[in-house]
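For reference, the structure discussed in these notes is given below.
Please treat every number below as a calculation from the coordinates, not as lab data. Here the structure is a predicted model, which means the values were calculated and not measured. Glycine gets a Cβ as well: all are built from the backbone with ideal geometry, and neighbour counts include every protein chain shown.
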Amino acid sequence: MLKIEDHHLLPEFGTNTWLVWDEASREAILIDPAAPSEPLLSRIRELELKLSLIVNTHGHGDHIGGNDFFKKALGAKVLIHPADAKLLTNNSLNFSAYLGSPLQLSPADILAEDGETISLGSHSFTIIHTPGHTPGCICLHTGKFLFSGDTLFELSVGRTDFPGGSREQIQTSIRERLYILPDDTVVYPGHGPRTSIGMEKQNNPFVRPLS
């Protein structure tokens, strides 16, 4: 069984950091560690999880700030899409310099393209490239679960007014890559509450399905 916990490591930005693990094998991944966190590190150790991978859905500072902390503590590797790889080490591109808290992060260990998979015990996650918020935005899909990063939110979408953003791209990404998933797919976004594909297809005012 897949287990999922939401941790808020950077409350001022409302980023969802998702801890996901396979209950049988205890293998785990951490999605978008927003900041260093001793409580989350203690939680991972308390659960006796084997954290092998840190996944950045994109390279903005409020999603990557904890990369090196968890990598050093647990030996996990960092994964990002190639199009966002330079954001990890460029504080102008990841906005951490602009926000007054410049990061000192290592490059990614793994550059993952669209369609590649991540194994977690008996579960397999497919990487879906969804450019629009950033050029290298990705989502992770497994079974009835989608981790949508800053591509799709409850009744909203990721901002497209940052450098590298594109309103047309994010709409295409959502319509052609996410709205094709089953309506009962539960969406775990990078900010805000959970939603579902069916809910967004029916009600999201920013992206309507094409007839």
Quiz item: Taking ASP161, is it among the acidic types (Asp, Glu), exposed (fewer than 15 other Cβ atoms within 10 Å of the Cβ) and within 28 Å of ARG26 (Cβ to Cβ)?
Solution: no
Exercise. Return the residue satisfying two criteria in turn: it lies in the range 139-154 and is touching an Asp or Glu at 6+ places or on another chain (Cβ under 8 Å) and part of a strand (DSSP E or B), and of such residues it is nearest to LEU30 (Cα to Cα).
Key: GLY149
Quiz item: Which pairs have Cβ atoms under 7 Å, sit 6 or more apart or on different chains, and link a residue in the range 66-85 that is at positive phi to one that is of a type in the set (Lys, Arg)?
Solution: none
Practice problem: Would you check which residues across the range 106-163 are out of contact with any Leu (no Cβ under 8 Å at 6 or more places or on another chain), touching a residue at least 40 places away in the same chain (Cβ under 8 Å) and within 16 Å of LEU87 (Cβ to Cβ) and list them? | Solution: HIS129, PRO131, GLY132, HIS133, PRO135, CYS137, ILE138, GLY149, ASP150, PHE162
Quiz item: Applying the selection to the range 104-131, what residues are within 25 Å of GLU12 (Cβ to Cβ) and buried (at least 21 other Cβ atoms within 10 Å of the Cβ)?
Solution: LEU105
Exercise. Give the range 132-146 a look and list any residue that's surrounded by 19 or more Cβ atoms within 10 Å (Cβ to Cβ) and more than 13 Å from the chain's Cα centre (by Cα), or say none.
Key: GLY132, PRO135
Quiz item: For ASN16, are the conditions met, namely being farther than 22 Å from GLU113 by Cβ, surrounded by 15 or more Cβ atoms within 10 Å (Cβ to Cβ) and among the polar types (S, T, N, Q)?
Solution: yes
Quiz item: Here are some conditions: (1) under 20 Å from GLY14 (Cα atoms); (2) in contact with a Leu (Cβ under 9 Å, 6 or more places away or on another chain). LEU99 meets all but one. Which one does it not meet?
Solution: (2)
